[in-house]
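Following: one structure in structure tokens, then a few remarks.
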Amino acid sequence: MRKPIRPWGRLAVWAALALLSSAARAQDYFHDGPVPGTLCEPGERIVFSCHTEAKSVAVCARQKGEHRYGALAYRFGMPGHLELSFPEGDPPIASYASTDTRSDGLRGSLSLVRMKNGQTTYTVYYNVVAQSGSDGFMQAGLLVEKNGRLLSKLRCNPDEYVYSGEIYEPGFKNDVPEDTQPVTGFARYLRAPH
């Protein structure tokens, strides 16, 4: 005699199927070409991408050897008209990129990728403060600094999708060096003890 599936069992089965199908779609989506409206190219993974008021910013990754995130590219501008793209050539990733996820010790987390181009650094970030109550929020954006001085702070459009999921992938933190520098404007976010 076959046992009936309990209601919570059906829910678990449906949830597992939904997760598997969305994961498969996401994997195909990132491998089959660029996402329309981003600055990443076919064959690259979107580490971070958003639209600011008038431009787009993206950090894109490509495989290098056995490292899924072995090379990163920072891009700023519009599709078909880049204003800035670096690095040039194929330098070691540790010479221009770092990443970290930090906590404020309460309800907030800050994930970032910092890209260095000469004396100028470009830090893309995703900041979440727990959505409990009316004071919770999410924001993402770009900090531009030269010699440690803030030149510009651009926020991603709050009504548009921000691609930042690859920052949380375990392989990303294995391939990209850890960032140990303070983040301008986010003094309360501390590095996790190691």
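The values are calculated or read from the model by the stated rules, or taken from the named source; none is laboratory data. The shown structure was predicted, so the numbers you read here are calculated from the model rather than taken from an experiment. Heads up, the Cβs are rebuilt from the backbone with ideal geometry, glycines too, and the neighbour counts pull from every protein chain shown.
Scanning the range 47-68 for residues that are over 13 Å from GLY141 (Cα atoms), touching a residue at least 40 places away in the same chain (Cβ under 8 Å) and either in contact with a strand residue (DSSP E or B) (Cβ under 6 Å, 6 or more places away or on another chain) or buried (at least 19 other Cβ atoms within 10 Å of the Cβ) (or both) yields VAL47, ALA61. Which condition breaks for VAL162 when tested against (1) aliphatic (A, V, I, L, M); (2) modelled with pLDDT under 95; (3) farther than 20 Å from PRO36 by Cα? Exception for VAL162: condition (3). If we keep just the residues of the range 126-145 that are assigned to a loop (DSSP other than H, G, I, E, B) and of a type outside the set (Ser, Thr, Tyr), which is nearest to THR180 (Cα to Cα)? Among those residues, the one meeting the criterion is ALA130. Selection of the range 70-125 for residues being in contact (Cβ under 8 Å) with a residue 60 or more places away in the chain and not in a strand (DSSP E or B) yields ILE93, ALA94, ASP104, GLY105.
Just to be sure, is LEU151 under 15 Å from VAL57 (Cα atoms) and in a strand (DSSP E or B)? For LEU151, the condition - under 15 Å from VAL57 (Cα atoms) and in a strand (DSSP E or B) - is not met.
If I filter the range 97-108 down to residues being surrounded by 15 or more Cβ atoms within 10 Å (Cβ to Cβ) and more than 16 Å from the chain's Cα centre (by Cα), which single residue comes out as nearest to ILE167 (Cα to Cα)? Before the answer, list the steps.
We begin by selecting, within the range 97-108, every residue surrounded by 15 or more Cβ atoms within 10 Å (Cβ to Cβ); these are 97-102, 104, 108.
With the extra rule that they be more than 16 Å from the chain's Cα centre (by Cα), the set shrinks to 104, 108.
Details: ASP104: 18, GLY108: 16 Å.
Among them, the one singled out is GLY108.
Taking (1) more than 23 Å from VAL183 (Cβ to Cβ); (2) of a type in the set (A, V, I, L, M, F, W, C); (3) surrounded by fewer than 17 Cβ atoms within 10 Å (Cβ to Cβ) in turn, ALA71 satisfies each apart from (3).
Return yes or no: is TYR122 in contact with a helix residue (DSSP H, G or I) (Cβ under 7 Å, 6 or more places away or on another chain), modelled with pLDDT of 90 or more and surrounded by 13 or more Cβ atoms within 10 Å (Cβ to Cβ)? No; evaluated as a whole, the condition is false for this residue.
With respect to the conditions (1) in contact with a Lys or Arg (Cβ under 6 Å, 6 or more places away or on another chain); (2) under 26 Å from ALA94 (Cβ atoms), ALA130 lacks only one, and its number is (2).
Does the range 29-55 hold any residues that are of a type in the set (Ser, Thr, Tyr), within 21 Å of TYR168 (Cβ to Cβ) and either at pLDDT 90 or above or part of a loop (DSSP other than H, G, I, E, B) (or both), and which are they?
Of the range 29-55, the ones of a type in the set (Ser, Thr, Tyr) are 29, 38, 49, 52.
Keeping just the survivors that are within 21 Å of TYR168 (Cβ to Cβ) gives 29, 38, 49.
THR38, SER49, listed by residue number.
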